[in-house]
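Everything below concerns the one structure shown next.
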Amino acid sequence: MASKKILVLPGDGIGAELMPHALQVMRAAVGDQADIEYEEHDFGGIAIDKYGTSMRNETLEKARSADAVLLGAVGGPKWDDLPVDQKPEKGLLGLRSGLECYANLRPAMTFAPLANASSLKHDLVSGLDILIVRELVGGIYFGEPRGVEVENNVRVGRNTLVYDETEISRIAKTAFQLAQKRNGKVCSVDKANVLEVTQLWRDVVIETHADYPDVELSHMYVDNAAMQLVRQPKQFDVIVTGNMFGDILSDVAAMLTGSLGMLPSASLNDRNQGIYEPVHGTAPDIAGLNIANPLAMILSMAMMLRFSLGLEQAADEVEAAVNKVLGQGLRTRDIHQDDPQNSTRLVSTDEMSAAVIDSLG
Ligand code: IPM
Ligand code: MG
């Protein structure tokens, strides 16, 4: 039996609440196909409270030696007033860059039973299947110099948007290769009309494209891309973009599908190690109330089974089970709507995740 090691980082808010559900589904889906050993560490705000740092060195060491990291979410109002370099998010960025997980895959897919939950018209989003490939360990999130200083008695804040060509070509390759397995289209998003660094982005994406003649490449400025995502989202297949544009566009894309509570993500490095986390945050306002949607967390776990643990079949089963419970009409509050025909049922977190387990193959 294959033996795999994962590091589990529940984090804060609903991240910590939903993690046990994902682990239960994992155990049920994997059964005796593999022996998955896991160790759980505090991470994010809870680690700040206990250890004074959002990520301990030993947590990063464990992550490096694991096959994958399954992560809930970090942050919350309790830690919002800390300086940027002491916030829970610092640990998250440190983990991403410490593992060199540069390729963040954020699929935005409409689940057929949920096409009505989108804020856009049904026709615009039914059958939607976009993959945002976001560069995750460079760009303005990590660029130097950074910080706030007093210069001539005036406070000046500074961040730096920087990419070198190797960082651009490796993420472009990821996008082209993924497009080859999908509908063969990549749209690269930049702001090349204003920012030199993104002109370089565009040039390198075009150069890298030479090796992928079967993929159709287009380019879009980020403002237009934001608009096109809500105007006609089905024109996109794979979108590749830098760290900050990807952060913003992936929230837009998520909402097209009905709820942030549905969307998983994977962040991969060249060794196929990955960090798997739902796109939603910690949602402190609803944490602990047994109403949060566990499906993004469960689907992130499924991505982990597929991409890092080689358990494709178990991943398929989890995804099929999620589709099935949605088809049966089960809805957590975020995806529940007025339902004159009574074809859906409002359920709790516990009920939703138990239903997924019941629906497994
Ligand atoms: C995300 C989040 C993070 C990011 C925050 C929590 C640091 O918004 O994963 O999209 O900006 O990358
Ligand atoms: Mg974000």
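For this structure, a couple of remarks:
- Put a dot 7 Å past the Cα of Gln228, heading toward its Cβ, do the same for Glu151, and the two dots end up 3.6 nm apart.
- Note, ³J(HN,Hα) from phi for segment 228-239, Karplus 6.51, -1.76, 1.60, rounded to Hz, x at Gly and Pro: 5, 5, 9, 7, 8, x, 6, 6, 9, 10, 9, 10
- Lysine pairs in the chain with Cα atoms under 18 Å, if 8 or more residues apart or on separate chains: 13
- Calculated FRET efficiency for the pair Asp211/Asp358, C-beta based, R₀ 51 Å, to 0.05: 0.65
- Under Karplus coefficients 6.51, -1.76 and 1.60, residue-wise ³J(HN,Hα) of segment 192-203 in Hz, glycine/proline x: 5, 6, 10, 9, 4, 4, 7, 5, 4, 3, 5, 4
- Among Arg27, Arg158, Arg333, residue whose mean-square fluctuation peaks in a GNM of the chain (springs only between Cα atoms under 10 Å): Arg158
- Using a Förster distance of 22 Å, the FRET efficiency for Glu312-Lys5 (Cβ separation, nearest 0.05): 0.70
- Between Arg158 and Gln337, full extension at 0.36 nm per residue minus the direct alpha carbon distance yields a gain of 60.1 nm.
- Rounded to the nearest 500, the 222 nm mean residue ellipticity of the chain from helices alone is -12000 deg cm²/dmol, with -39,500 (n - 2.57) taken per DSSP H run of at least 4 residues.
- In this structure, the amide hydrogen of Glu40, modeled 1.01 Å from its nitrogen in the peptide plane, lies closer than 5 angstrom to those of Val8, counting only residues at least 5 positions away or on a different chain.
- Computed extension gain for Lys185 through Glu100, at 0.36 nm per residue and net of the alpha carbon distance, reaches 28.0 nm.
- Within the listed set Tyr38, Tyr276, Tyr102, the residue fluctuating most in the Gaussian network model of the chain (springs between alpha-carbon atoms under 10 angstrom) is Tyr38.
- What you get for the chain, charging only the Cβ of Lys and Arg (+1) and of Asp and Glu (-1), is a dipole of about 360 debye around the Cα centre.
- The fewest-to-most ranking of Glu317, Glu58 by surrounding Cβ atoms within 10 Å reads Glu58, Glu317.
- Rounded if a/c under 1.5, otherwise prolate or oblate - the chain, Cα gyration tensor axes: rounded
- For segment 185-214, the residues whose backbone nitrogen is under 13 Å from a point 7 Å from the Cα of Gln235, taken along Cα to Cβ, are 187-188.
- Evaluating 6.51 cos²θ - 1.76 cosθ + 1.60 at θ = phi - 60° for every residue in segment 175-185, the Karplus couplings come out as 5, 5, 5, 5, 5, 4, 8, 10, 9, x, 10 Hz, glycine and proline recorded as x.
- Residue among Val156, Val240, Val133 with the largest mean-square fluctuation in a Gaussian network model of the chain, springs linking Cα atoms under 10 Å: Val156
- Modelled spin labels at Arg170 and Ala112, positioned 7 Å past Cα toward Cβ, are 4.0 nm from each other.
- Counting beta carbons within 10 Å around each of Asp80, Asp214, Asp338 and listing the fewest first gives the order Asp338, Asp214, Asp80.
- The Cβ shell under 15 Å around Gln33 holds other residues with a net charge of -4, Lys and Arg each +1, Asp and Glu each -1.
Taken together, the values in this text are just the output of simple stated rules run on the coordinates, not laboratory data. Predicted model only: the values in this text are computed from it and were never measured. Neighbour counts are summed over all protein chains in view; Cβ atoms, including those assigned to glycine, are modelled from backbone coordinates with ideal geometry.
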